[in-house]
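These notes are about the structure you will find just below.
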Amino acid sequence: MDLVGACHAFVSVSEHGSFTVGADAARMSQSVASRRVAALEERFGEQLFERTSRRAVLTPFGRDMLPAARQLVDAAEVLLHEAEAVKRKPWRLAVPGICSTAGLARLVAEARGQGINLELRVADPAQRMELIHAQQVRAAVLAVPPDEATWTVPLGLAVAGDADMKRVYVETLRIGRASPGPARRIWIQPEDDVPHIRDPLTRLRDAVGLRPAQLVAAAGLTTAAAEVLSTRDLLLCSPAQAEELALNWRPIGEVTLHRGYALAAAADGNPLHIEARLGEAVSRCLGTAARAGTAEGAAA
């Protein structure tokens, strides 16, 4: 038996003194209200109303039960109100700055479709870790080594020219006597300034004889992209980022690098539950699914 629904019918009929009027006020049919009150009477083993052709009058037992029934109905309404308020409460998620505005907008829209009021905090890898530890967000997309990752994104080098190249070999950036112009640099954006990406690239730089200044950690993607667009420098990035910046992306010849991401929840959260609801949307936002043109470049 729906105890709350039955008590709702009981209270409404008692307030209006009529099954017809009470049922209408409770937004149910008269037959439903009658069945619910009858079920309640059967459960209690006592009548709640003296029924006449025109009126429904509370019995002494009904009068005694009415306050408790009204409390139950009021408590149920408070519970429903609280549930709606919680659903409207912002659900904070820390995400990488490499996600495009369009990708973030689609993520928020998909969350709304599932009844989640998603509020995004864009931050670099270290800041995302701090936000989750301080429980300033309910979850964060953290940068992790690829072998620990839920999602991986291929990294390569993007340039404004050299459209015919299939791969970029870092050793070709070594300065020689016949090398024209200034030394070409590889720019690392803040999202990739993490040990599992920066350290292998640094070792490769040293192994092939590049100068230390040829590997640069940029303060932001805009700064790095501006340098690449105005010089012959290269940007370490994903295929999706290169496409957005109208750069030519190629894999690195000597080493394979990937961004790795995993979802971490705050102390009271469950990352598996979050992944089940928003995992595909987060994956698309990170750029894990390469588009047709960039996928060929990644596989070359």
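Here, each number is a calculation from the coordinates, and none is a lab measurement. All figures in this text were calculated on a predicted structure; none of them were measured in a lab. Cβ coordinates were reconstructed from backbone atoms using ideal geometry, including for glycine residues, and neighbour counts include every protein chain displayed.
Simple rule: put +1 on each Lys or Arg Cβ and -1 on each Asp or Glu Cβ in the chain, find the dipole, and look at ALA111, MET165, SER14; the Cα lying farthest toward the positive end is MET165.
Shown here is the pair-distance distribution of the chain: with all Cα-Cα distances grouped in 20 Å bins from zero up to the longest one, the shares run 27, 32, 18, 16, 6, 0 percent. Of the residues LEU3, LEU272, GLN30, the one whose Cα sits farthest towards the positive end of the charge dipole of the chain is LEU272 (charges of +1 on Lys and Arg Cβ, -1 on Asp and Glu Cβ, taken about the Cα centre).
For segment 3-87, pairs of C-alpha atoms spaced more than 15 angstrom apart make up 55 percent of the total.
For segment 59-212, the alpha carbon positions stretch 107, 30, 24 Å along the principal axes, listed from largest to smallest. In this structure, the amide hydrogen of ALA266, modeled 1.01 Å from its nitrogen in the peptide plane, lies closer than 5 angstrom to those of ALA139, counting only residues at least 5 positions away or on a different chain.
Our estimate of slack between THR52 and ARG211, defined as 0.36 nm per intervening residue step minus the Cα-Cα distance, is 47.4 nm. Spacing of the modelled spin labels on ASN117 and PHE61, each 7 Å from Cα toward Cβ, amounts to 4.6 nm. For the chain, the dipole from Cβ point charges (+1 on Lys and Arg, -1 on Asp and Glu) about the Cα centre works out to 480 debye, to the nearest 20. Mean residue ellipticity at 222 nm, helices only, the chain: -15000 deg cm²/dmol; runs of at least 4 DSSP H residues each add -39,500 (n - 2.57), and the sum is divided by the number of residues.
Placing unit charges on the Cβ atoms only, positive for Lys and Arg and negative for Asp and Glu, gives segment 3-87 a dipole magnitude near 280 debye about its Cα centre. The spread of Cα positions in segment 151-258, taken along each principal axis and listed from longest to shortest, comes to 42, 28, 27 Å.
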